[in-house]
1. Would you kindly state how much longer the chain becomes between residue 352 and residue 120 on full extension, computed as 0.36 nm times their sequence separation minus their alpha carbon distance, in nm to one decimal?
2. Using only the Cα atoms, what convex hull volume per residue in Å³ does segment 292-372 have?
3. Once each part is reduced to its C-alpha centroid, what is the distance from segment 247-273 to segment 132-165 in angstrom?
4. Rg/Rh for segment 143-215: what does it come to with C-alpha atoms and Rh from Kirkwood?
5. Between residue 66 and residue 192, what is the spin-label point distance in nm, taking each point 7 Å from the Cα along the Cα→C-beta axis?
6. Specify the angular offset, from 0 to 90 degrees and rounded to the nearest 10, of the alpha carbon long axis of helix 355-371 from the longest principal axis of the alpha carbons in the chain.
7. 7 Å from Cα along Cα→Cβ at both residue 53 and residue 113: what's the point-to-point distance in nm?
8. For q = 0.13 Å⁻¹, what log10 I(q)/I(0) does segment 180-350 give under the Debye formula with an equal point scatterer on each alpha carbon and no solvent?
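Nothing in this text is a laboratory measurement; each read-out follows from the coordinates by a stated rule. No experiment lies behind these values; they were computed from the predicted model shown. Virtual Cβ from ideal backbone geometry, glycine too; neighbours counted across all protein chains shown.
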Amino acid sequence: MKLALDVSAAPPRLAGVGRYIGELARRVPATGVDTTLVTRRDDTLRWHDWSPSTHIASIIPNARPSRLLYEAWLAGRSSTASSVDVWHSPHYTMPHRSKSPTVVTIHDLTFFTNPEWHERSKVPFFRRAISYAATHADVLVTISEFTARQLDAQVPRHAPVVVANMGVDLDRFTTDSSGDQELLLAHELPAERPYIFFLGTVEPRKGIDVLLEAFEEVARNDPEVELWLAGQPGWGVKEIETRIASHGARSRIRRLGFVEEVALPALLRQSRAVVYPSRGEGFGMPVLEALACGARVVTSSDTVMSEIAGDAALLARAGDANQLADVITIALTMSREERALRARRSRARAETFTWDATVAQHVRAYEMAMRS
């Protein structure tokens, strides 16, 4: 099988959807699939280093408007598309005219269900892109059963769907805490401080506003615990910064920004609780990574995160700061025995999600597309 995997939407720092694209680029070729990575013209070296056994087709323009236009009207007619058996577009959009069967990944349907969670200019574009892909792709991939159900509700007549849950690197995200203190100190982080940890893009739907409100109560009851916020800026950042500036415990709130991969497992393990109060996701990768590290995880009920975490996480209603504060307090005050039990349960749950299983489902989707 010859595959073209379009990695042109992946940002310079691979997190979230970027991590998903990167893991496919690195792992699919190991299954024997002859893989060509379709990259932006200025992004060749990174992908060659990331996945050296692949071919590189640097045909996509660098600027986003040109990239989207090229993908829609020219990529499908390119010599790259003509030379492969399947084209995979892993980020909602797809070529409008293609010489090869096409697989498209739909991560979530929040552009339909909750447009207020996104920048206004992106909503109509991605609604059109998802609707087009759902009805014109040969096969769709969703990253969770939750997203598959939402797709059924929002675009009832759509191409066949393969559900491929995202995985976690179980060799990197482990419960082994040896060396954590030294690693945090090396990154100029006060390893002796108790902290609550948030990881995710800073944007409205992540529920950081709710977390900050909950932390007011938690901080009043616990004079030592800090709140550490890690993740790249998205949009709506100014509102979060304003809330932090006026927060009653602002001296105990740390903005870490993007965290280097080498330090992330230690940050998850050493936290008193990993809190991910997102209002909605397609999957919720930080929850799975935290579970793999045996962390105490607090996340949102009635979302995909609760579906992924099963009984391994503590849950609070999305948007409910009072309940979130109560649940965080439960996590912070667990006994040693309760913490040990929670760590074993978290790790066991995470071990049911592997990148090998994710890749196997994608290969299945490619084979289905070839037969369509």
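1. Numbers: separation 232, 0.36 × 232 = 83.52 nm, distance 3.68 nm.
Here the answer is 79.8 nm.
2. Working: hull volume 7.7 nm³, N = 81.
Normalising the Cα hull of segment 292-372 by residue number yields 95 Å³.
3. If you average the Cα positions of each part, the centres end up 35 Å apart.
4. 1.14
5. 5.5
6. Long axis of 355-371 versus the principal axis of the chain: about 20 degrees.
7. Inter-label distance under the simple model: 3.7 nm.
8. -0.56
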